[in-house]
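Here the structure comes first, spelled out in structure tokens, and everything after it is commentary.
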Amino acid sequence: MRPSELIQFKQTGRPISILTAWDGLTAALVEAAGADVVLVGDSLAMVSLCHATTLPVTVEQMLHHSQAVGRGFTKPLHQQPLVVCDLPFLSYQCGEDKAVAAAGSLLKHSCAAAVKLEGAEPEVLAVIERLVRMGIPVMGHLGLTPQAVHRLGYRRQAEDPRSQDQLLQQAKQLEQAGCFALVVEHVPGSIASSLSHQLAIPVIGIGAGNDCDGQVRVTADLLGLTPSQPPFSPALIPGRQLCVEALQGWVKQLHQQAETATTTTTPPEPGC
């Protein structure tokens, strides 16, 4: 799968499915599920590394997990999903050279074929343009941007006319900068729908209504593996509960077997 194919999907009306993965096990699951794109998201900082936010994860850790994801695929290379890796906090906010080095390292040493960046500030737009010129495909991300949690929190974005106009302008700027797709997170569905109809690149929603060109979800949320899920991504199964109950059953069975062995053991014959 190549980034350009997602644009073709949009043109033909084929919905785009994106799921996250953070190791070989989850990569195999989402590949088998038929996802078009696997996102190695910096959400792994919270899902896998147990941080409170996405901010602490490093480029080296993103590379480590991207490599693990690549090893988890089982299909021939031409049948594998497109892998997009998040550029973590401070890997692209500190200048174009540092951003190119970080993104280039991910593409050079892992299965990732594109990177994702948050925001559309002038500095970020300049980075995107530089990355695209260097041959590195870029996916944009607007709306709720987790790397800006200390400024925006996790609340819904673009709820007033001014911020909605700003979101539209930023989306157009990201398209002009060369992004091949755009994620919009936790914004009104009407705004995401408008973006989808105005942009030539695919608009991928998460908590942004159903009228987008595709949807992205954190796999752990859908499987119910996280303690709680965001309101726009309810669990499909109670995965955490099922896993705990299954493992508890195994532990209980192990103890019962030991107790049975103890009570049924024949005491040795007394000596003469």
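The values are calculated or read from the model by the stated rules, or taken from the named source; none is laboratory data. A quick note: this is a predicted structure, and the numbers were derived from the prediction, not measured. Quick reminder, even Gly has a Cβ in these numbers, built from the backbone with ideal geometry, and neighbours come from all protein chains shown.
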### Message
When you scan segment 162-182, do you find a residue that is among the aliphatic types (A, V, I, L, M), touching a Pro at 6+ places or on another chain (Cβ under 9 Å) and on the phi < 0 side of the Ramachandran plot, even just one?
### Response
yes
### Task
Within segment 42-64, identify whether any single residue is over 30 Å from residue 151 (Cβ atoms), surrounded by fewer than 17 Cβ atoms within 10 Å (Cβ to Cβ) and modelled with pLDDT of 95 or more, and answer yes or no.
no
### Query
Are any residues in segment 173-211 surrounded by fewer than 15 Cβ atoms within 10 Å (Cβ to Cβ) and either among the β-branched types (Val, Ile, Thr) or closer than 23 Å to residue 114 by Cα (or both), and if so, which ones?
176, 200
### Task
Take segment 114-132 and flag every residue that is without any contact (Cβ under 8 Å) to a residue 24 or more places away in the chain and assigned to a helix (DSSP H, G or I).
122
### Query
When you go through (1) more than 13 Å from residue 220 (Cα to Cα); (2) in contact with a Gly (Cβ under 7 Å, 6 or more places away or on another chain); (3) outside any strand (DSSP E or B) one by one for residue 17, which number turns out not to apply?
(3)
### Task
Return a yes/no flag: does segment 111-124 have any residue that is under 20 Å from residue 58 (Cα atoms) and either modelled with pLDDT under 95 or of a type in the set (Lys, Arg) (or both).
yes
### Message
Residue under question is residue 143, and the condition is that it be small (Gly, Ala, Ser), touching a residue at least 40 places away in the same chain (Cβ under 8 Å) and at positive phi; does it hold?
### Response
yes
### Query
When you scan segment 152-242 for helices (runs of 4 or more DSSP H) that lie fully inside it, which ones turn up with 2 or more residues that are under 21 Å from residue 30 (Cβ atoms), in contact (Cβ under 8 Å) with a residue 24 or more places away in the chain and under 17 Å from the mean Cα position of the chain (by Cα)?
219-222
### Message
For the structure I just gave you, tell me whether residue 245 is among the acidic types (Asp, Glu), over 26 Å from residue 29 (Cβ atoms) and either in a helix (DSSP H, G or I) or modelled with pLDDT under 95 (or both).
### Response
no
